Amino acid sequence: MKKNMSSLALCAVAVVAAVVLLSEAPTSEAVTCSVYELSSCLSAITYGTTPSSQCCSKLYEQKPCLCGYLKDPNLSQYVNSANAKKVAYYCNVSYPSCS
């Protein structure tokens, strides 16, 4: 079981790393959208743990990028998950309603 969780975590990190290479794009608010910036939120999104203050800070910084992440088929399953919504709520970052 522990080996499976380690494999899952490693796989999630690999997905995040791959997406970083494909997802970096500047926004009008001078934020560089990089899902890698949310790596401190990985355990909270994947396992439902309490997000760290660093996670909340990074989530707030990346808020202008969230709609782009939701539209990315490689990321949407993570960003649109119940745990991701809990992290946003816990961090007091409004979950985006993208059009």
Closer than 18 Å to TYR95 by Cβ, open to solvent by 20 Å² or more (accessible area, probe 1.4 Å), among the β-branched types (Val, Ile, Thr) and at pLDDT 95 or above: does that describe THR27? no
Total residues in the stretch 58-74, condition out of contact with any Asp or Glu (no Cβ under 7 Å at 6 or more places or on another chain) and within 17 Å of LYS86 (Cβ to Cβ): 6
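The values are calculated or read from the model by the stated rules, or taken from the named source; none is laboratory data. From a predicted model like this one, the values you see are computed outputs, not experimental measurements. Because the Cβ atoms are built from the backbone with ideal geometry, glycine has one as well, and the counts that use them run over all protein chains shown. Ligands, DNA and RNA are stripped out before the accessible areas are found, and what is left, the full protein with its side chains, is counted by its heavy atoms. Shrake-Rupley method; radii C 1.70, N 1.55, O 1.52, S 1.80 Å.
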